[in-house]
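A.B. asks: Below is a structure I'd like to ask you about.
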Amino acid sequence: MDPSLKMNSPTINWLRRTVLISFMLFSFTSAAFNQLPPIVWDNIPRSDLELNPDEQKNASDAIILCDYGTATYEDVKGEYRLVYFRHTRVKVFRQEGTRWANVSISYNKGAGDEITFLKAHAYTLMPDGKISITETRQDEFYEKASGDGDVTVTFTIPGVFTGSVFEYSYRIVSPDLLNMRSWKFQRVLPVLWSEYRVQLSGIYNHIAVLHNITDSLRMNQKINGFSDIEAGIIGYAQRNDLIRIPVTTGRYVMTNIPAITEEPMMGPLADYIPEIRFQLYSVTFPGKDPARFIQTWDDVASYFLQNEQFGAFLSEGRLLNETMKKAGKLPDKPADKVEAIYQYVVTHFRWDHQYALLPNKKLPSLLNDRSGNSAAINLLLTGLMKQAGLRAYPVLISNRSNGKISDKIPLVQQFNNLICLVELPSGSFFLSALDPDRPSDLPDPDVLNEKGLVLRPGRAEWIDLPPPPIAVRNMVISLRFQTEGTMFGFIIIREKGEFALARKKEILLTDAGTFSRNLAGNLFYGLQVDSFSYKELTPQRNESSLTVSFSSKEWINQFTDKKIIYFEALLKNLLFRIKLPPVERKFPFKLPYPVEETIISIIEIPEGYEIESLPDEENISLPDNKASFQLKVSGNEEVAQVKSVLSLRSITFSPSEYHYLRQFMNMASAAQSQQIVAVVEDKY
């Protein structure tokens, strides 16, 4: 045979690869993707260009005509890759809708992802009936990288006007063959057609999980077919042989989806948007037995604990023991050991503000750099607890800002963070050593999202997470007014939990003295600070106290008619407030934590005046004891005492309860804003 015709010839291999790829695409498309896509690039029906908002009975300034995506395993330049394709088409109804032509696309370049075949066009029906087409040039696509490897491509599609249709499409090629991306059907614009086609099985076999989907999908199909793959691409020695494997493609369609509109304090959109998620459950290479991946929750525990980098944080005894020595001698009591180890980690290691399930660096690197993602730091915390002889385990969670989790089907992608569980006879500790300002018993409310998955050796266990601790504020206000126009007083504010932490961060922006002066200046006319003291919340103490003494020599000058004086009993600028606009809500209203606020105000009026009227008492509550408010008033002609107690015990209120919560807070605010009125004594 002529040497130039041997199968390893570059020319012949190039020709074979070209024919192979064409055949693979044809065989896969003809069998599994045998149905045409819902939209075709550059093929805009005239009916879309002529569409007006009245026909859709929609008040939106634009509408997504079609959002179409696929996820397939393909040969990309001789490498087996997971390829995502997306094609989105939008109709603009009004001038305001042209803003949707500003597009952002994110991908993880640091993880090896690559974006290809990005293009965007705009189409406008001209008065003469012709269609004007404007193409986005390649130099109009801009990339911006972030420190964690993510890259965002931004562009503005030119030539978009009222009545225009624009579309864009792209492919993302990913080397991550194990984790299939989810698909969100709902967007901030109404969507007429949303479709996702996914290669569910072949070599990598996935289960599809419907999330937040209460009604049936327009289409939920599984299509069986086959794919021909070059053996060398998937690691077989006979590189040029073709291997035929059966594949199953899922087709998922929703139609006429209303826009989702964010509401204040509703929690994450992930709790409401209909979505389809995927979990790899096995890997089957041709001619080999299937390799089990994740089929049960115990498999999840094994997957993480057997991960070399993850497991090293829990089992690398020498490095952990050396780190323990740096932490110093530990106390004898288990609870004190927990506190000491927590204090060491939270003060010596810096969180990089990235949540993760796997550490972003190996244990030696973390110990050297002293910074890492949430998994790295909290795994170190867990490993040190175990090294100290404590029962400590990592817990997979989903932050409240990431959305709720379901324990029905093993699905790793619903988690986004990791914390530490320490079990003592006296109780359990849930710890996250990311914020050096937080005491050990004040975890971020964002991590306390109902339940978590404990990773124990050989098994996983669901555990209920505690609710966020109550934010407590106790305040005493004392004001003493004198006839000559002077006033003396003090405020004592003692706070616990999130109130204490917020106060500390607020004061850190300036200093305690400046903060006290600003506080006094916002409370009463002509106040000046005489003294102050502040004991801040520390990692060891979950409470703070602030005492401010003040006086005024000109308080009475604010009154034109000095025969009658009046002032707020509770100094409302100090009170807890939440904004509750008068709107009809579609989603629940969620507070970050419960609230308990008690204020006692003692006011002594000047000699020669007598109290004419005091605030009216109030006592209101919501059903199921979700919230309550009391205002009690006592006193005589010279001294008044007002006590306000506000309790918000529940942190979640349904849309139907929102109206009553708003009414409740308005009544409480009105009661707290009442004034004490005093008049000059009538001596006759």
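A.B. asks: Taking only segment 633-674 into account, find how many residues are surrounded by 13 or more Cβ atoms within 10 Å (Cβ to Cβ) and part of a strand (DSSP E or B).
C.D. replies: So the count comes out to 13.
A.B. asks: Of everything in segment 457-472, what is closer than 21 Å to SER398 by Cα and of a type in the set (Gly, Ala, Ser)? Give them in sequence order.
C.D. replies: Of everything in segment 457-472, just one residue is closer than 21 Å to SER398 by Cα and of a type in the set (Gly, Ala, Ser), namely ALA460.
A.B. asks: Would you be able to say whether some residue in segment 135-151 is within 18 Å of ILE39 (Cβ to Cβ), of a type in the set (Gly, Ala, Ser) and assigned to a strand (DSSP E or B)?
C.D. replies: no
A.B. asks: While we're here: Quick check on ARG350: is it in contact with a strand residue (DSSP E or B) (Cβ under 6 Å, 6 or more places away or on another chain), surrounded by fewer than 24 Cβ atoms within 10 Å (Cβ to Cβ), within 24 Å of LEU537 (Cβ to Cβ) and not hydrophobic (A, V, I, L, M, F, W, C)?
C.D. replies: Yes, satisfied.
A.B. asks: Only one of (1) within 14 Å of SER673 (Cβ to Cβ); (2) out of contact with any Pro (no Cβ under 7 Å at 6 or more places or on another chain) is not met by VAL642, so which one is it?
C.D. replies: (2)
A.B. asks: Given the condition in a strand (DSSP E or B), modelled with pLDDT of 90 or more and under 30 Å from PRO606 (Cβ atoms), answer yes or no: does some residue in segment 458-474 qualify?
C.D. replies: yes
A.B. asks: Here is a further query. It is to be established whether one or more residues within segment 548-556 are under 24 Å from VAL645 (Cα atoms), β-branched (Val, Ile, Thr) and touching a Phe, Trp or Tyr at 6+ places or on another chain (Cβ under 6 Å).
C.D. replies: Looking for residues that are under 24 Å from VAL645 (Cα atoms), β-branched (Val, Ile, Thr) and touching a Phe, Trp or Tyr at 6+ places or on another chain (Cβ under 6 Å), one finds at least one in segment 548-556, hence yes.
A.B. asks: Can I ask one more? Sort through ILE477, ILE493, ILE463, ILE405 and tell me the only one that's touching a residue at least 12 places away in the same chain (Cβ under 8 Å), farther than 30 Å from SER182 by Cβ and in contact with a Lys or Arg (Cβ under 8 Å, 6 or more places away or on another chain).
C.D. replies: Criteria check complete, one pass: ILE493.
A.B. asks: Output yes when any residue across segment 216-238 is aromatic (Phe, Trp, Tyr), at pLDDT below 95, touching a strand residue (DSSP E or B) at 6+ places or on another chain (Cβ under 8 Å) and in the same structural domain as LYS109 (by TED's automatic domain parsing), and no when none is.
C.D. replies: Yes.
A.B. asks: Also: Out of segment 102-148, which residues are farther than 24 Å from LEU177 by Cα, under 26 Å from the mean Cα position of the chain (by Cα) and either of a type in the set (A, V, I, L, M) or not assigned by TED's automatic domain parsing to the domain that holds ARG81 (or both)?
C.D. replies: VAL103 - this is the single residue of segment 102-148 that is farther than 24 Å from LEU177 by Cα, under 26 Å from the mean Cα position of the chain (by Cα) and either of a type in the set (A, V, I, L, M) or not assigned by TED's automatic domain parsing to the domain that holds ARG81 (or both).
A.B. asks: Another question, if that's okay. Looking at (1) assigned to a helix (DSSP H, G or I); (2) within 43 Å of the chain's Cα centre (by Cα); (3) of a type in the set (S, T, N, Q), which is the one condition that is false for SER549?
C.D. replies: It fails just one condition, (1).
A.B. asks: Next question. Among the residues of segment 52-102, write down those that are farther than 19 Å from ILE157 by Cβ, of a type in the set (Lys, Arg) and in contact with an Asp or Glu (Cβ under 9 Å, 6 or more places away or on another chain).
C.D. replies: ARG81
A.B. asks: Moving to a separate point now. Can you pull out the residues in segment 118-132 that are touching a residue at least 24 places away in the same chain (Cβ under 8 Å) and more than 20 Å from LYS144 (Cβ to Cβ)?
C.D. replies: Scanning segment 118-132 gives HIS121, ALA122, TYR123, THR124, LEU125, ILE131, SER132.
A.B. asks: Here are the criteria: (1) under 15 Å from TRP351 (Cβ atoms); (2) surrounded by fewer than 19 Cβ atoms within 10 Å (Cβ to Cβ); (3) modelled with pLDDT of 95 or more. Tell me which single one ALA376 does not satisfy.
C.D. replies: Failed condition: (2).
A.B. asks: So is LEU242 at pLDDT 90 or above and not hydroxyl-bearing (Ser, Thr, Tyr) or not?
C.D. replies: Answer is no for this residue.
A.B. asks: Between ASP150, ASP139, ASP113, which is touching a residue at least 24 places away in the same chain (Cβ under 8 Å) and either surrounded by 17 or more Cβ atoms within 10 Å (Cβ to Cβ) or over 30 Å from SER371 (Cα atoms) (or both)?
C.D. replies: The match here is ASP113.
A.B. asks: Just one of THR255, THR214, THR248 is β-branched (Val, Ile, Thr), over 23 Å from LYS77 (Cα atoms) and assigned to a loop (DSSP other than H, G, I, E, B); which is it?
C.D. replies: THR214
A.B. asks: Next question, about the same structure. Which condition from (1) surrounded by 18 or more Cβ atoms within 10 Å (Cβ to Cβ); (2) in a loop (DSSP other than H, G, I, E, B); (3) in the same structural domain as GLY383 (by TED's automatic domain parsing) is the one that PRO331 breaks?
C.D. replies: Just one mismatch for PRO331, condition (1).
A.B. asks: The conditions are (1) crowded, with 21+ Cβ neighbours inside 10 Å; (2) at pLDDT 95 or above, and ASP446 fails exactly one of them. Which is it?
C.D. replies: Of the numbered conditions (1) crowded, with 21+ Cβ neighbours inside 10 Å; (2) at pLDDT 95 or above, the odd one out for ASP446 is (1).
A.B. asks: Just give me the residues in segment 606-624 being more than 18 Å from LEU570 (Cβ to Cβ) and assigned to a strand (DSSP E or B), in sequence order.
C.D. replies: TYR609, GLU610, GLU612, SER621
A.B. asks: Would you please list the contacts, defined by Cβ atoms under 7 Å and residues six or more apart or on different chains, that run from a residue in segment 505-532 that is not assigned by TED's automatic domain parsing to the domain that holds PRO439 to a residue that is among the acidic types (Asp, Glu) and outside any loop (DSSP other than H, G, I, E, B)?
C.D. replies: Listed pairs, sorted by first residue: PHE515/GLU506.
A.B. asks: Another one. Give the residues of segment 483-520 that are crowded, with 17+ Cβ neighbours inside 10 Å and in a loop (DSSP other than H, G, I, E, B), sorted by residue number.
C.D. replies: Within segment 483-520, just GLY497 meets the criteria.
A.B. asks: Can you find a residue that is modelled with pLDDT of 80 or more, at negative phi, under 30 Å from the mean Cα position of the chain (by Cα) and of a type in the set (A, V, I, L, M, F, W, C) anywhere in segment 28-38?
C.D. replies: There is no residue in segment 28-38 that is modelled with pLDDT of 80 or more, at negative phi, under 30 Å from the mean Cα position of the chain (by Cα) and of a type in the set (A, V, I, L, M, F, W, C).
A.B. asks: Is it the case that PHE629 is of a type in the set (Phe, Trp, Tyr) and without any contact (Cβ under 8 Å) to a residue 60 or more places away in the chain?
C.D. replies: Yes, satisfied.
A.B. asks: Now a separate question. With respect to VAL198, is the statement that it is part of a strand (DSSP E or B), of a type in the set (A, V, I, L, M, F, W, C) and at pLDDT below 95 true?
C.D. replies: The answer is no for VAL198.
A.B. asks: For segment 205-251, which residues satisfy the criterion of being in contact (Cβ under 8 Å) with a residue 24 or more places away in the chain, acidic (Asp, Glu) and touching an Asp or Glu at 6+ places or on another chain (Cβ under 9 Å)?
C.D. replies: Across segment 205-251, the qualifying residue is only GLU230.
A.B. asks: Let me ask something else about it. Inspect all residues belonging to segment 585-605 and state whether any of them is closer than 30 Å to LYS563 by Cβ, assigned by TED's automatic domain parsing to the domain that holds ASN666 and not in a strand (DSSP E or B).
C.D. replies: Within segment 585-605, one or more residues are closer than 30 Å to LYS563 by Cβ, assigned by TED's automatic domain parsing to the domain that holds ASN666 and not in a strand (DSSP E or B).
The values are calculated or read from the model by the stated rules, or taken from the named source; none is laboratory data. This structure is a prediction, so every number in the text was calculated from the model and none was measured. Because the Cβ atoms are built from the backbone with ideal geometry, glycine has one as well, and the counts that use them run over all protein chains shown.
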